[in-house]
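All of the numbers you see were taken from the coordinates with simple rules; none came from a lab. These figures come from a predicted structure and were not determined experimentally. All Cβ positions, even for glycine, are placed from backbone atoms using ideal geometry, and neighbour counts span all protein chains on display.
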Amino acid sequence: MCPREIVVNEHKLDPILRSDRLPHIWCPGCGLGPAMACFANAIQESGIPVDEHVCVSGIGCTGRVAGYLNVDSFHTTHGRAIPFATGLKLSNPDLHVTVFSGDGDLFAIGGNHMLHAARRNVDLTVICVNNFNYGMTGGQLGPTTPYAAKTTTTPYGNPDGPLNIPHLAAALGAVFVARWTVLHVRQLQKAIAFALQKKGFTFVEVLSPCPIGFGRPNDLGDGLEEMSFYRRQSVVDDQAPLDSLEIDMSKDSTLVLGNFVDRERPVYQPMGTEPPAHRDRSVIYQPADPEVKAREAL
Amino acid sequence: MSENEEDRHVLTGRHFMNGDTACAEGAMAAGCSFFGGYPITPSTEIAERLARRLPEVGGVYIQMEDELASIASVLGASWTGARSMTATSGPGFSLMQENIGLGAITETPCVIVNVQRGGPSTGLPTLVSQADMMQARWGSHGDYPAVAYCPASCQEMFELTVLAFNTADLLRTPVLVMADEAIGHMTERVVIPDKSAIEHVARKRPHASAMDGQLPYESDGSMVPPMPRAGRGYRIHVTGLTHDERGYPATDAATHDKLVRRLAGKLTHFAPEIIKVEEVQLEDAEVVLVAYGSTSRSARHALTMLREEGLPVGMLRLITAWPFPGDRIAQLAERGCQFVVPELNLGQMALEVERNAHQSITRLNHAGGITMSPEQIAEAVRETMSCAREKSWSMSIS
């Protein structure tokens, strides 16, 4: 068969992408392209007018997503995307604000903001691309780097344990928590579209290959090979215990995916002159076993 | 908006008010509708006042998790079209520096109040100092325009906060109110005028509903591009990276030099409009006190004492520390004036005075913790007058 140039004059995502900024800066085999495409598709699927969408990013490879999306987009400082987004959302509640950033930006330098935005249940969607390392700076240890993994700053193997991100997000009070990989584009897009439509602090973790920074030193092969690894080793289990979701990334380890949490909590409203209308009853202790009370009385 | 709600923005009348409270009322009068903050002595009363006041007018008060988050939320809110602010003191001001730079490069107007206390580090949480003045100018990395007002009374806490919002919108950049603990915590008369008497500089907006061919960071010759609002269909991209006139990242030397020169150039361009000083008996002065904030109150008292002794002393009070009135200092130096600069730091604004005067000056310094007494300042002036002119004097108060 003769090689043939394929010319595509238009694409259904053209209105959502800044085509004058493409091609993007990401490495061959990087998962950020499909992750961004899933988000762009989800914006269209969500039914929310594109002009109401705002994307806020922090710093890093994933931080560059905001610059490629043709919505009002803000590429802020390292770790501060969530509080910047909080200011936008609270000052104009009509906006649909999504924070699209990386694991290091959101959970290391920006971890405190994740904690408090989720606690308040600010109406934001946070998409966290987890590539297990700091890619932009050339493959250093991040907060999700698996135990014993090699990076340029853990040449003898990572002595830290990784954060279990969905477990943390759920514990902090996120009303929707999901994890997918960039191989699972249908499920990922659906999860993001759901998160965009759901009120409150919604969170989607996206596992993504970083063949240059993380794949190479950890024998995961190129981008395609890591995608094969995702296909081979993934298990979809929405009911998986949240504390079992830690990621190891060793050849025979399991990647648990799914939409783990979907619940209701009162959405953050800025303080008015009247006391808040309702409080979150789901967090108040109620003994499952009525005998607990009796024991306590003794 | 009902007339009643309107009234709650501006508390017209005579008040006996704490400086921090007056600052908060200045923000209300200026139409501030978003405060993101974190409590820190001696600025906390600003947050407390706005927590009560903003909900009365449908504004947003949010206590963020730290000062990093506070300033980030303030920048975000500004892009919705809101006038937004935060208030802090030294340690919090240090934490805010990175995003003050983001505000400068993305041209995001907002107001940051620093009620100065003794530093470095935790220093003197409850006691006065003026040691963040150079940080106000150079605190964030890179070259950027810095505007800083120095209130010297509760009345000025009100007035200069209003002015800070106007200057922020005029230049499209973060503006600082560099108060100090003595001013923040003193209580005196504050007169709040009618709403109609409060000046309001409108933020420059794009003409059309879409950018209409106009590039978001194209400065149309005025140094300040019009600022779109998020959610209005402009599809803007705003980045802390060096960017071209489309707002797109362009990290090359030529674009960087052009952008940074325009940003920094705002200060030179608008300096004649922004610089504010109060001149006290400078006409025949041979010695000029250059003072600001709480120290200028002691300097004013010293000046009266010295005039009674028949000594030709005047005062140049800095209302804007940045931009600095260097030309006025140069004029006075040319006339043969000597300068005495009392300040509650080890000589910060004194550097600017010396640099512009091209001569040695007398510095009167204390690291902070106590306001300077008029007698100490008067003595520094007397010594300056009796000493050989080529000698530089640096005095410490114990």
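Observations, loosely collected:
- Taking a ≥ b ≥ c as the square roots of the eigenvalues of the Cα gyration tensor, an a/c ratio of 1.5 or more together with a/b no larger than b/c marks chain A as oblate.
- Interchain or long-range residues, amide H under 5 Å from residue B:175's placed H: B:110, B:111, B:112
- Fully extending the segment from residue A:235 to residue A:253 would add 5.4 nm, taking 0.36 nm per residue of separation and subtracting the current Cα-Cα distance.
- For region A:33-81: rounded, prolate or oblate by the Cα gyration tensor [a/c cutoff 1.5]: oblate
- With the cut-off at under 20 Å, measuring from each backbone N in region B:134-153 to a point 7 Å along the Cα-to-Cβ line of residue B:199 picks out B:146-153.
- Relative contact order (%) - criterion: Cα under 8 Å, at least six apart; region: region B:3-197: 30
- Span from the region B:345-379 Cα centroid across to the region B:72-150 one, whole angstrom: 23
- Applying the Karplus relation 6.51 cos²θ - 1.76 cosθ + 1.60 with θ = phi - 60° to region A:120-128 yields 3J(HN,Hα) values of 6, 6, 5, 6, 10, 10, 10, 10, 10 Hz, where x marks Gly and Pro.
- Gain upon complete extension [residue A:160, residue A:269; 0.36 nm per residue less C-alpha separation]: 35.5 nm
- Sequentially through region A:265-276, phi angles give Karplus couplings (6.51, -1.76, 1.60; θ = phi - 60°) of 9, x, 7, 4, 10, x, 4, x, 7, 9, x, x Hz, Gly and Pro residues having no value and appearing as x.
- A simple spin-label model places the labels of residue B:191 and residue A:24 6.1 nm from each other, with each point 7 Å out along Cα-to-Cβ.
- Sequence-distant residues sharing a close amide H with residue A:99 (under 5 Å, placed H): A:56, A:125, A:126, A:127
- Highest-fluctuation residue, B:174, B:272, B:39 considered, GNM on chain B with Cα pairs under 10 Å: B:272
- Cα centroid separation, region A:123-189 to region A:55-93 (Å): 19
- In this structure, residue B:370 and residue B:269 have a Cβ-Cβ separation that, at R0 = 30 Å, corresponds to a calculated FRET efficiency of about 0.15.
- For peptides A:116-126, A:42-52, A:16-26, B:356-366, sequence by mean Cβ density within 10 Å, most packed first: A:116-126, B:356-366, A:42-52, A:16-26
- Based on Cα contacts under 8 Å between residues 6+ apart, chain A shows a relative contact order of 16 percent.
- The overall shape of region B:278-396 is rounded: from the C-alpha gyration tensor, with semi-axes ordered a ≥ b ≥ c, the ratio a/c is less than 1.5.
- Within a Gaussian network of chain B (alpha carbon springs, distance under 10 Å), most fluctuating of B:293, B:26, B:58: B:58
- Candidates B:186, B:315, B:133, ranked by Gaussian network fluctuation over chain B, Cα under 10 Å, top entry: B:186
- Over the protein assembly as shown, DSSP H runs of length four or greater, each weighted -39,500 (n - 2.57), average out per residue to a 222 nm ellipticity of -10500 deg cm²/dmol.
- Mean-position separation - Cα centroids, region B:32-54 and region A:222-266, in angstrom: 43
- Shielding by partners, peptide B:54-67 (average Cβ within 10 angstrom, other chains): 5
- Distance (nanometres) between label positions extended 7 Å along Cα→Cβ at residue A:279 and residue B:121: 3.9
- In a fully extended conformation the segment linking residue B:244 and residue B:215 would gain 9.5 nm over its present Cα-Cα distance, using 0.36 nm per residue.
- Region B:3-197: antiparallel DSSP beta bridges as a percent of all, rounded to 5: 30
- In the structure shown, the pairs A:89/A:199; A:89/B:204; B:204/B:258; B:204/B:266 are assessed against 18 Å; a Cα-Cα span above that value is assigned to A:89/B:204; B:204/B:258.
- Whole-Hz couplings from phi, Karplus 6.51/-1.76/1.60, listed for region B:346-361; x for Gly and Pro: 8, x, 9, 5, 4, 4, 5, 5, 4, 4, 8, 7, 6, 7, 6, 10
- Label-to-label distance, residue B:308 versus residue B:56, with points set 7 angstrom from Cα along the beta-carbon direction: 4.1 nm.
- Remark: region B:296-339 carries a charge dipole of roughly 160 debye about the Cα centre, counting +1 on each Lys and Arg Cβ and -1 on each Asp and Glu Cβ.
- Amide H contacts of residue B:118 (H built 1.01 Å from N, under 5 Å, at least 5 apart or other chain): B:124, B:127, B:129
- Distance-filtered residues of region A:163-198 - backbone nitrogen under 18 Å, label point 7 angstrom along residue A:244 Cα→Cβ: A:164-168, A:170-171, A:178-180
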